[in-house]
Amino acid sequence: MNILFYQYGSICEPDIMEGFEELGFHVDSISEEIKNKSLTGKEQIQLIDQALSKRDYQFVFTINFYPAISECCNIYHIPYLCLIVDSPVLELYSDAIKNPCNRIFLFDRTLYEEFAPSNPDCIFHIPLATNVNRWDRVLSQASMQQKSSFSSDVSFIGSLYSEKCPYYELKFPSTYSKGYIEGLLQAQKKVYGYFFLEEALDPALVNDIVSHTPTFYQFPERSRKDYRAALAQFYLGPRITELERVEMLTALGSHFSVDLYSNSNASSLPVHFRGRVKTHTEMPLVFHESCINLNMTAKSIRSGIPLRIWDVLGCQGFLISNYQAEIPDYFVPGEDIVLYSSKEELLNLTAYYLSHPAKRKEIAHNAYEKVKAHHTYLTRITQMLETAFHL
């Protein structure tokens, strides 16, 4: 059986392709967008159309949702499977999500509850996963010297969002409106497990900000143009994430030895800046060799478990994460993973677990065994196929 896999460069694409192949599928890929991020919807359709005209495929697969690809698959009457791994994915507001060819899998239950009514037979909730076999290979092949070079008391891999925060593009109609928004940002920053920001935005204020911002996000044609959602998720969510990460890393770095792996400018933070880390060869060593790995979920991920959590646990890493509503559905806090809900709690937990290595090892082992048994890409792909095709 043949699959057409449209790639854009997501870090999990190689793992999912490997999973399909392990299940016996032949995978053909279209990879033009990895090098050319400015491909238009028309060009995406042309690429898919050319491929579908040359070979019969069981279905087309992508990471995240492409309205143009959905429309093309709908014409060909071929199933279109996609796994949403990011948030926000504003393409979900396209009318194309109503196409019967779709099999859309959302990792965030809040997203699922929002979009499933638009196409209830074709939109599903499913958590993300990790490639334990890949991480095991990397860890087993690494030398002691390589491992020790990534040893840390506390480590964090990720952006500070300062260099890619669309919030700074916004133009506010008044000083009052900007102050009001900044007050909401500070309030939301302190709340874990519930994203109230969107519903707290006054529609009239949203319209004012949109009208004053020439570069405000433009929904594609044939879309439900929800500017309140766009403002909350695309603009304000990243700004809250930036504020939180700077605050938490400043607090941690002032008390503990913290290594930061990032492309962001961290010159003002009291941390050891380690620059970029290679995703498939160095990142697992960081996760495995850090006493404490830190996860701070982007605020636009409203309830779901981000990919970073799965990868840390799949590398046998000990993890302290912010609370997310779906974490207790799959892991036992305190047994598989440690959760914080405030800066003070994070500082206390960090101090405690740095001084209790046996407890860290036990918790990391519990999570690894659970992920290995139930949350690999092979398992997740099988679940998607069973759901999509009623197997």
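The values are calculated or read from the model by the stated rules, or taken from the named source; none is laboratory data. Model, not experiment: these values are computed from the prediction. So basically every Cβ, Gly included, is an ideal-geometry build from the backbone, and we count neighbours across all protein chains shown. Protein only, heavy atoms only, side chains kept; ligands, DNA and RNA dropped before computing areas. Shrake-Rupley method; radii C 1.70, N 1.55, O 1.52, S 1.80 Å.
Of the residues making up the stretch 84-112, those that are of a type in the set (A, V, I, L, M) and in contact with a Ser or Thr (Cβ under 8 Å, 6 or more places away or on another chain) are Val85, Ala96, Ile97, Leu111. Candidates in the stretch 61-79 are the residues that are assigned to a loop (DSSP other than H, G, I, E, B) and not hydrophobic (A, V, I, L, M, F, W, C); of these, the one that is most open to solvent (accessible area, probe 1.4 Å) is His77.
So which residues in the stretch 87-101 are open to solvent by 20 Å² or more (accessible area, probe 1.4 Å) and either in a helix (DSSP H, G or I) or modelled with pLDDT of 95 or more (or both), if there are any at all? Within the stretch 87-101, Glu91, Asp95, Lys98, Pro100 qualify. Criterion first (of a type outside the set (Asp, Glu) and open to solvent by less than 20 Å² (accessible area, probe 1.4 Å)) does Ala351 satisfy it? No. Where helices (runs of 4 or more DSSP H) sit wholly within the stretch 227-315, those with at least 1 residues that are within 27 Å of Ala367 (Cα to Cα), of a type outside the set (Phe, Trp, Tyr) and free of Cβ contacts under 8 Å to residues at least 40 places away in the same chain occupy 237-253, 307-314.
One residue alone among Arg137, Arg222 is without any contact (Cβ under 8 Å) to a residue 24 or more places away in the chain and of a type in the set (Lys, Arg), and that residue is Arg137. The set of residues in the stretch 319-335 being open to solvent by 10 Å² or more (accessible area, probe 1.4 Å) and either more than 18 Å from His125 (Cα to Cα) or at pLDDT below 95 (or both) consists of Tyr323, Val332, Pro333, Gly334, Glu335.
Taking the criterion of being open to solvent by less than 30 Å² (accessible area, probe 1.4 Å) and within 14 Å of Asp208 (Cα to Cα), the residues of the stretch 161-187 that qualify are Leu170, Ser177, Ile181. Of all positions in the stretch 356-366, none carries a residue that is open to solvent by less than 20 Å² (accessible area, probe 1.4 Å) and closer than 20 Å to Ser303 by Cβ.
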